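To start, the structure itself, in C-alpha cells.
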Amino acid sequence: MRKTNLLLLLIGFLLIGSLTAKAAEYEYTFTATTFHNSETLALNDVEWTLVNNGNYYGYDGTKGQQIGSGANPATSAILSTSGITGYITSITINVSGANGTNATFAVSVNDKPFTCSGETSVSLTNSATAYTFTGGQQGEIKLSFAQTSSVALYIKSINVTYFPLVTSIAAFKSLTAETEAALSFSDAANARITFVNDKEVFLRDNTGAICLYNNNVFTPSRPWAYNQHVAGSIIGKNTVDNGMPEMVATANTNTDNLVIADRVSEDMVMPKEIDASAYDANLADWVKVENLVKGTSNIEAYDKYSSACFQMPHNGARYDLSGIAVPNNSTKQIAPIYQNSVRPLVYVIDENETFVSPASDIQNATVRLVRTLSSEYWNTFAVPFNFSFDETEALIREYDNISGTTMLFKEAESIEAGKPYLIIPDETIANPVFYDVTLSATPAQTVTHGAYSFVAIYSPYAMATDQTELYLGDGDLLYYPVDNTSNTMRGMRAFYRVPIGGAKVAIYGEDYEEEETDGIRSIENSELRIDNYDYYNLAGQRVGKDYKGIVIKNGKKYIIK
C-alpha cells in the first residue's frame, strides 16, 4: 500500500487523477436524409426511435437531418435509444433550427436530466452548434426538441461517452487491470463502509471488499464514516497496488451519483470471521482471524493505522487479530482497527496449547480463554492475570496450610496471576473473554506447605506416574495417572504434588477457625473414597439428608427429591 499522506474521497468533490484507460464512445453523424417518418432505425448498430408531430424530413449539408419544415413544423421531437449499455457520463449533440427558431433542446438518461453549463436545456439558434450535456446514469437516452415557432429542426451528430458498468465489487475487481468503469450498488447489494482513514475508504458489499483510493487533497464536505450505507454509482479505475484491490480516482470520478446514508435499524458492521487460509479471498475487508502465533503464522500484524487497544504481540504469543486485510505483495498483513468495541488484538490462552509468557507485563490486555469451568464440581484453575468474581458468581479456594497429610484450602476473594486455585462457578463458564487486564510475566507458581504442594500450570503438562502427582477428578476425588498414555493435564489448571502414600484435601468455608471440613477426599492403595458417609452438595458443603437436589455420598452422585 502507498505510504504517502493523502485524503479520502469526499462527497460532492471531484476526485482528479490520471486517466490511463479511455471511456467507450458512441458516435454517429447524419450524412443524408436518414429518417423519413416516425420510425426506428439502426444508426451505427444502435437502434434509435424518432417520434415527432411534423410531416417533413430532409437533409442539410451543414445542419444534418431535417425534422419538420415551415409548412409542416414539428413542435416536439424525441430521438431515443436503450441500445447503449453502460454508465453514461456525457452526451454531445450538434443541433440547430431554421431562421426565426424559438426552440429548446434537452437530454435525459433514465428520465434523469443531464445538464449543459448547469442548465437542463439549451435554446437553439439557426447555426449548427455542438452542446455537451453531462451527468451520470444508465438506461434510456432521450434527445428532446420543443419549439413554439414554426420552423425546421436539425440534428447533425450524436456523441455518447460511457463506461463499462458492473453491479458488484467482485465484478469490478475481475475487470482487466487499469480498466476504468462504473461501479453501481443497489440497495440489495448491502454496500457498507467498514473503515475510513485520512487516505482510504474501505467498502464491502455482498460479494467482497475494495479500497477506494484518492491521491488528492480536498476540504471535507461530508466525510464518509464507518457503518454508512452506499448506493448509486461511482467511476474509478480498477487497480491492484502491492496486492491490494483498489478503485483509484480518475478525472471522471465524483460522488454526485452516490447516496450515502447512516445506519438506522440495521445491524452494525462487524469483522468477517475467516480462517487464515481464506486471507487472499478477503483482501481489503475487515476480517478477524483467530489463533495466530507470533513468529509462526504467515499472517503478520502491521499497525498501519496506529490503532487504539493494540500492542504488537510478543514472540510466541497466541492471539486473535481483527483489522483490514492489507497485503504487501506476497506478505499477508492485517492492519488492526478498533471500532464498535471490537478489540483488534485478543491474547489467547488455550488449554490444549503451549502458552508463552511475555517478557514483561502487558497492560490493558484482552484475553480469551479456551477453557470451560463447570458449575457441577470444583475446577483447578490458574491464569497469568488478576481478576475478581462477584460473590454470587463463584466460590474460590486457595491452598492455605497442611495438617498432617491433609491439604487445607480457605476462601479467596479473587484470582491472582500465577497462583493455583479451586473454583466452582454459579453457572458453567465456557471460553470467557477478559478485558483490560494486565497479562503478567509472572510464571505459573507452586504453593508449598511442608512436603505438600499445589502446582499451577498454564500449558499442558505430563504428570508423573509414580503417585506423587495427583489431580482432582470425577466426584471431586484425587486421582493419579497410571501410565504415560493418560498423564497429560491440560493447561490453566493445577495438580497436587505429594509424598507417596496418600493425601487428603479439605475445603473450608468463611469461618476458617470454627468450621469443620466440608468434605475430605483421599486416595489410598489406589482406591479413591470419601473418608465419611455424610452428604455433600456440589459446592463441597455438608448437607442434611433432607437436602433436595444433587448430592455426593462416598464419591458417588445422587439426586434427592
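The values are calculated or read from the model by the stated rules, or taken from the named source; none is laboratory data. Keep in mind the model is a prediction, meaning the values are calculated, not measured. Cβ: placed from backbone, ideal geometry, glycine included. Neighbour counts: every protein chain shown. To get the accessible areas, we keep the full protein, side chains included, count just its heavy atoms, and leave off ligands, DNA and RNA. Shrake-Rupley method; radii C 1.70, N 1.55, O 1.52, S 1.80 Å.
Annotations
- In the stretch 29-64, residue nearest to Ser127 (Cα to Cα) [restricted to those that are open to solvent by less than 20 Å² (accessible area, probe 1.4 Å) and either of a type in the set (Gly, Ala, Ser) or part of a strand (DSSP E or B) (or both)]: Gly64
- Positions within the stretch 282-318 being more than 29 Å from Gly491 (Cα to Cα) and touching a residue at least 12 places away in the same chain (Cβ under 8 Å), in sequence order: Asn282, Leu283, Ala284, Asp285, Trp286, Tyr302, Asp303, Lys304, Tyr305, Ser307, Ala308
- If you go through the stretch 407-431 and keep only what is touching a residue at least 40 places away in the same chain (Cβ under 8 Å) and outside any loop (DSSP other than H, G, I, E, B), you end up with Met407, Leu408, Phe409, Lys410, Glu411, Tyr421, Leu422, Ile423, Ile424, Pro425, Ile429, Ala430.
- When Lys237 is tested against (1) open to solvent by 20 Å² or more (accessible area, probe 1.4 Å); (2) not in a loop (DSSP other than H, G, I, E, B), just one condition goes unmet, and that condition is (1).
- Pro384 meets the conditions (1) surrounded by fewer than 20 Cβ atoms within 10 Å (Cβ to Cβ); (2) modelled with pLDDT of 95 or more; (3) not in a strand (DSSP E or B) in every case but one. The failed one is (1).
- Qualifying positions in the stretch 349-406 - touching a residue at least 60 places away in the same chain (Cβ under 8 Å), of a type in the set (Val, Ile, Thr) and under 15 Å from Ser440 (Cα atoms): Ile349, Ile362, Thr366, Val367, Val383
- Leu472 being crowded, with 20+ Cβ neighbours inside 10 Å and under 46 Å from the mean Cα position of the chain (by Cα): yes
- From Asp205, Asp262, Asp256, residue being open to solvent by less than 40 Å² (accessible area, probe 1.4 Å), over 24 Å from Ser306 (Cα atoms) and of a type in the set (Asp, Glu): Asp205
- Taking strands (runs of 3 or more DSSP E) as the structural unit, those lying wholly within the stretch 65-173 and holding at least 3 residues that are of a type outside the set (S, T, N, Q) and at pLDDT 95 or above correspond to 76-81, 87-97, 103-109, 129-137, 141-147, 153-163.
- The stretch 453-484, residues that are β-branched (Val, Ile, Thr) and over 28 Å from Val356 (Cβ atoms): Val482
Yes/no matrix, rows are residues, columns are (1) farther than 30 Å from Gly64 by Cα; (2) touching a helix residue (DSSP H, G or I) at 6+ places or on another chain (Cβ under 6 Å); (3) without any contact (Cβ under 8 Å) to a residue 12 or more places away in the chain; (4) open to solvent by 10 Å² or more (accessible area, probe 1.4 Å):
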site	(1), (2), (3), (4)
Ala128	no, no, no, yes
Thr132	no, no, no, yes
Gln137	no, no, no, yes
Gln147	no, no, no, yes
Ser174	yes, no, yes, yes
Leu183	yes, yes, no, no
Thr194	yes, no, no, no
Leu212	yes, no, no, no
